[in-house]
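Here the structure comes first, spelled out in structure tokens, and everything after it is commentary.
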Amino acid sequence: LRYIPVKMGWYQHIFSNEYRTETRNNIRVFAKEENYPVLFHCSLGRDRTGTTAFLLLGLCGVEEEVLVKEYFLSLYSRQGNFDDAPISALAANINALLNGLNDFGGEDATLQNKIEAYLLDIGVTQEDIDSIKKILIEE
């Protein structure tokens, strides 16, 4: 058992200078096969956890529609809606994340391309990205 504490921003915050290093360090945990299996969480399991899962799954090619649905499902867990967040707040959060990713990868880029471009921009290496995909995607 290895405990790897990392900080992580959520939604649009990951695009700020304040969270670039934290996001990079968080994602790099998933590039090392010796860290698996990985259990990651935050206080509600919706915001920082949801952002991390969104980036990882999107990087692996999961479609945007599926990722958004998965995110909204977190509302139905007891802890996921512990703060009684309204659906409008959740929609604003996920839209802020999607809008932030639109600044990466070009106009015609897929969500996967945008996430990869964002991760490269914050210092995640192509080797890290390739490793994450190799570990998480079954052939």
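Observations, loosely collected:
- Where LYS134, LYS32 fall by accessible area, highest first, once all protein chains stay in place (1.4 Å): LYS134, LYS32
- Two-site FRET efficiency, GLU139 against ALA117, from Cβ-Cβ distance with R₀ of 30 Å, rounded to 0.05: 0.75
- A simple rule links phi to the HN-Hα coupling: the Karplus curve 6.51 cos²θ - 1.76 cosθ + 1.60 with θ = phi - 60°, which for the range 121-133 gives 4, 8, x, 6, 7, 4, 4, 4, 4, 4, 5, 4, 4 Hz, with x for Gly and Pro.
- Remark: the range 1-49 carries 67 Å² of accessible area per residue (probe radius 1.4 Å; ligands, DNA and RNA excluded).
- Rounded percent of accessible protein surface that carbon and sulfur make up, the chain, 1.4 Å probe: 50
- For ARG48, the solvent-accessible surface computed with a 1.4 Å probe is close to 80 Å², ligands and nucleic acids excluded.
- For the pair SER88 and CYS42 in one chain, pulling the backbone fully straight at 0.36 nm per residue adds 14.4 nm over the alpha carbon distance.
- Value of relative contact order over the range 1-133, rounded to a whole percent, pairs C-alpha under 8 Å and six or more apart: 30
- In the context of the full protein assembly, SER88 retains an accessible surface of approximately 80 Å², using a probe radius of 1.4 Å and ignoring ligands and nucleic acids.
- A Förster distance of 25 Å, applied to the separation of the beta-carbon atoms of ASN35 and GLN126, puts the FRET efficiency at 0.85.
- With DNA, RNA and ligands ignored, accessible area of VAL66 (1.4 Å probe; Å², nearest 10): 70
- Most fluctuating residue given options LEU73, LEU56, LEU39, as computed from a GNM of the chain linking Cα atoms under 10 Å: LEU39
- Label-reachable residues, the range 35-77, where backbone N falls under 18 Å from a point 7 Å from LYS7's Cα toward its Cβ: 41-44, 47-49, 51-52
- Rg then Dmax, both in Å and based on the Cα atoms of the chain: 14.4, 43.
The values are calculated or read from the model by the stated rules, or taken from the named source; none is laboratory data. All values derive from a computational prediction rather than experimental measurement. No Cβ is skipped: glycine too gets one built from the backbone with ideal geometry, and neighbour counts run over all protein chains shown. These area figures cover heavy atoms from the full protein model, side chains too; ligands, DNA and RNA do not enter into them. Shrake-Rupley method; radii C 1.70, N 1.55, O 1.52, S 1.80 Å.
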